[in-house]
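Engineer: Provided herewith is a single structure, encoded as structure tokens, for subsequent inquiry.
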Amino acid sequence: MTAIDREVRARIERLTADITARRRWDRVDVRVLHDVDLEVRAGSLTALVGESGCGKSMIAAALTGLLPPGSQMTGAVLVDDMELTVDDPRWSTLRGRRIGLVPQSPSTSFTPVRTVGSQLDEVIRRLGGSRSAVELCRVVRLPESALQLYPHELSGGMAQRAAVAAALAGDPAILVADEPTSALDGELAADTWELFAAAADAGAAVLVITHDIETLTGGRCDSIAVMRAGAIVAHGTREALSALRDTYVADLFATVT
Ligand SMILES: Nc1ncnc2c1ncn2[C@@H]1O[C@H](COP(=O)(O)OP(=O)(O)OP(=O)(O)O)[C@@H](O)[C@H]1O
Ligand code: NI
């Protein structure tokens with residue numbers, strides 16, 4: 001028996017998704033995910049990598065019930081064995097409480113008209129979170145003084161850490177973070193990665209989407225899923241991926257030696 005339960009918390013099965021995009025005067029269906037299988041297990045940190053536009057954020061959207069309205073989906077998305085459709089009303093109760101999202105653009109986490117602190121307090125109250133805004137600041141290494149500021153007064157890195165704090169507010173068992181270290185310098189990026197690793201150690205199922213290969217390879221990571229053109233083309237440990245000797249995979253990791 002292992003100390004940590006490694007149950008599957010969220011699962012995507014044979015998911016194919018088409019979204020309707022506007023091209024000048026026409027609307028065209030674009031296939032953004034193609035036959036995707038992915039599991040996110042309790043107590044583990046999974047990274048999702050791949051070239052820009054390959055569909056990583058669409059996976060985050062599929063796992064949190066945020067695919068664009070009108071998306072056509074075949075296959076299945078399951079959270080805790082519950083199968084959910086694109087517009088399932090249960091997403092609104094799961095999001096934040098059971099599954100926390102750090103969106104790729106942290107500005108979408110907060111409205112511009114109120115301070116970060118008042119919004120974090122409201123999120124904590126709404127989700128029944130166990131930690132105060134000040135405690136969450138400590139966890140994400142955001143100075144407490146940031147709570148008095150309006151979102152536009154935060155630096156990109158502070159906004160990202162505030163978005164992580166908001167995603168942690170409801171103590172979710174599943175965490176999906178879309179490029180959470182892109183605006184952070186090396187040290188803060190490593191700290192943020194450690195925070196996700198600690199969440200996994202504490203039993204959360206964590207999926208981190210990233211381009212930040214240096215931070216990814218420096219920190220803990222249980223497995224890496226590689227995406228290309230809407231599909232997952234490889235999934236395994238860093239060692240297993242290296243052993244594939246695939247040029248696409250090798251190029252993604254080429255920034256580090
Ligand atoms: N709202 C939208 N309407 C139309 N097409 C979209 C929309 N959002 C994304 N797409 C398309 O879906 C595909 C996948 O986009 P996605 O944002 O998931 O890529 P990504 O891997 O997250 O890229 P990046 O690393 O740049 O964030 C792209 O071809 C993109 O152009
Ligand atoms: Ni993205």
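The values are calculated or read from the model by the stated rules, or taken from the named source; none is laboratory data. Predicted model, so just to flag it, every value in this text is computed and none were measured. Backbone-built Cβ (ideal geometry, glycine too); neighbour counts: all protein chains shown. The protein model used for the area step is the full one, side chains on, heavy atoms only, and it has no ligands, DNA or RNA in it. Shrake-Rupley method; radii C 1.70, N 1.55, O 1.52, S 1.80 Å.
Engineer: Here is a list: ALA240, ALA231. Which entry is of a type in the set (Gly, Ala, Ser) and surrounded by 15 or more Cβ atoms within 10 Å (Cβ to Cβ)?
Structural biologist: Numbers: ALA240 fails: surrounded by 15 or more Cβ atoms within 10 Å (Cβ to Cβ).
Matching residue, one of ALA240, ALA231: ALA231.
Engineer: When you look at SER57, is it under 14 Å from ASP178 (Cβ atoms), open to solvent by less than 50 Å² (accessible area, probe 1.4 Å) and touching a residue at least 60 places away in the same chain (Cβ under 8 Å), yes or no?
Structural biologist: Values: under 14 Å from ASP178 (Cβ atoms): yes; open to solvent by less than 50 Å² (accessible area, probe 1.4 Å): yes; touching a residue at least 60 places away in the same chain (Cβ under 8 Å): yes.
Yes; evaluated as a whole, the condition is true for this residue.
Engineer: Further question: Inspect segment 178-190 for any residue being in contact (Cβ under 8 Å) with a residue 12 or more places away in the chain, crowded, with 20+ Cβ neighbours inside 10 Å and either of a type in the set (Lys, Arg) or within 19 Å of GLY96 (Cβ to Cβ) (or both) and give the result as yes or no. Working first, answer last.
Structural biologist: Going through segment 178-190, the residues in contact (Cβ under 8 Å) with a residue 12 or more places away in the chain turn out to be 178-186, 188-190.
Keeping just the survivors that are crowded, with 20+ Cβ neighbours inside 10 Å gives 178-181, 184, 189.
Restricting the remaining residues to those that are either of a type in the set (Lys, Arg) or within 19 Å of GLY96 (Cβ to Cβ) (or both) gives 178, 180.
Checked against the condition, which is being in contact (Cβ under 8 Å) with a residue 12 or more places away in the chain, crowded, with 20+ Cβ neighbours inside 10 Å and either of a type in the set (Lys, Arg) or within 19 Å of GLY96 (Cβ to Cβ) (or both), segment 178-190 yields at least one hit.
Engineer: Right, next: If PRO68 satisfies all but one of (1) more than 20 Å from ALA166 (Cβ to Cβ); (2) surrounded by 20 or more Cβ atoms within 10 Å (Cβ to Cβ); (3) within 14 Å of ligand 2 (Cβ to nearest atom), what's the number of the condition it fails?
Structural biologist: (2)
Engineer: If you don't mind, there's one more thing I want to ask. Based on what the data block shows, is THR93 within 27 Å of ALA202 (Cα to Cα), of a type in the set (Val, Ile, Thr) and either within 16 Å of ligand 1 (Cβ to nearest atom) or touching a Pro at 6+ places or on another chain (Cβ under 9 Å) (or both)? Please lay out each step first, then the result.
Structural biologist: Details: within 27 Å of ALA202 (Cα to Cα): yes; of a type in the set (Val, Ile, Thr): yes; either within 16 Å of ligand 1 (Cβ to nearest atom) or touching a Pro at 6+ places or on another chain (Cβ under 9 Å) (or both): no.
Judged against the criteria, THR93 is not a match.
Engineer: Out of the residues in segment 199-228 that are more than 24 Å from ASP80 (Cα to Cα) and small (Gly, Ala, Ser), state the one that is most open to solvent (accessible area, probe 1.4 Å).
Structural biologist: Checked segment 199-228; the qualifying residue most open to solvent (accessible area, probe 1.4 Å) is GLY218.
Engineer: Would you check which residues across segment 134-148 are buried (at least 16 other Cβ atoms within 10 Å of the Cβ) and either more than 19 Å from ASP191 (Cα to Cα) or of a type in the set (Ser, Thr, Tyr) (or both) and list them?
Structural biologist: LEU147, the sole residue that qualifies.
Engineer: Same structure again: Where the second residue is modelled with pLDDT of 90 or more and open to solvent by 100 Å² or more (accessible area, probe 1.4 Å) and the first is within 14 Å of GLU214 (Cα to Cα) and lies in segment 243-257, which pairs have Cβ atoms under 7 Å and are six or more apart or on separate chains?
Structural biologist: Once the first residue is within 14 Å of GLU214 (Cα to Cα) and sits in segment 243-257, its partners that are modelled with pLDDT of 90 or more and open to solvent by 100 Å² or more (accessible area, probe 1.4 Å) give THR255/GLU214; VAL256/GLU214.
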